[in-house]
Amino acid sequence: MNNTKAYDRGAIIFREGDPGDCMYELESGSVGVYHDYGGPKEKLITTLSNGASDVKVFGEMGLLENMPRSATVVVMEDDTILTCVSKESFNEYFSKNPAKVLDIMQQMCNRLRKTTNDYVAACRTVYENVEAENKGEKKSETLLDKLNKLCEFYIGYNPYF
């Protein structure tokens with residue numbers, strides 16, 4: 001069953017580790033996606049809003065994979081309106097809104113492309129540093145510094161500082 005509801009700022013839509021039993025469509029307002037929300041290593045990963053080109057669906061990965069949530073989603077402004085699409089109504093939702101399938105595919109492709117680019121950049125950094133070491137050269141930024149920056153961005157954690 002789909003249900004649409006207004007939320008106030010600070011409301012937690014779901015927490016990291018919760019079951020992925022539905023997805024949400026952002027009708028208006030905005031939400032923040034966090035890693036380790038409320039913990040010592042809290043990190044705002046992204047903010048989603050209902051602008052013309054912004055993401056309008058979230059929580060779809062947990063629903064599609066039947067996996068626990070990978071992040072916590074928190075409402076960022078009063079009167080944020082979300083529609084919850086449950087597992088039971090998932091097929092009906094898309095048969096009534098076929099264009100939404102393409103939107104979600106594009107959104108997931110964008111995320112995958114960004115992750116792939118970051119992964120390739122990390123691999124290139126490792127390769128360049130190994131090659132420089134083999135030649136006895138010194139790089140301006142060390143491998144450890146670059147990998148720490150990558151870890152800080154994705155998980156909000158730098159094990160060396």
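The values are calculated or read from the model by the stated rules, or taken from the named source; none is laboratory data. Just so we're clear, the structure is a prediction, and the values are computed from it rather than from any experiment. We place every Cβ from the backbone using ideal geometry, glycine too, and count neighbours over all the protein chains shown.
Things to note:
- Residues of the range 21-48 satisfying the condition of being assigned to a strand (DSSP E or B) and either small (G, A, S) or not assigned by TED's automatic domain parsing to the domain that holds Y7 (or both): S28, S30, G32
- So G51, is it part of a loop (DSSP other than H, G, I, E, B) and either buried (at least 17 other Cβ atoms within 10 Å of the Cβ) or of a type in the set (S, T, Y) (or both): no
- Scope the range 36-65; condition over 20 Å from K5 (Cβ atoms), at pLDDT below 90 and hydrophobic (A, V, I, L, M, F, W, C); matching residues: I45, A52, M61, L64
- Any chance M61 is closer than 14 Å to F14 by Cβ and part of a helix (DSSP H, G or I): yes
- Test set (1) under 14 Å from the mean Cα position of the chain (by Cα); (2) at pLDDT 85 or above; (3) buried (at least 17 other Cβ atoms within 10 Å of the Cβ) - P68 fails condition number: (3)
- Residues in the range 4-19 that are surrounded by 14 or more Cβ atoms within 10 Å (Cβ to Cβ) and either in a strand (DSSP E or B) or aromatic (F, W, Y) (or both): A6, Y7, I12, I13, F14.
Results for (1) touching a Leu at 6+ places or on another chain (Cβ under 9 Å); (2) within 24 Å of N91 (Cβ to Cβ), shown as yes or no for each residue.
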| position | (1), (2) |
| --- | --- |
| H35 | yes, no |
| G38 | no, no |
| T46 | no, no |
| L64 | no, yes |
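- In the set (1) without any contact (Cβ under 8 Å) to a residue 40 or more places away in the chain; (2) outside any helix (DSSP H, G or I); (3) touching a Ser or Thr at 6+ places or on another chain (Cβ under 9 Å), N129 fails one condition alone, (2).
- Residue in the range 71-116 that is farthest from Y34 (Cα to Cα), counting only those that are modelled with pLDDT of 90 or more and of a type in the set (A, V, I, L, M): V85
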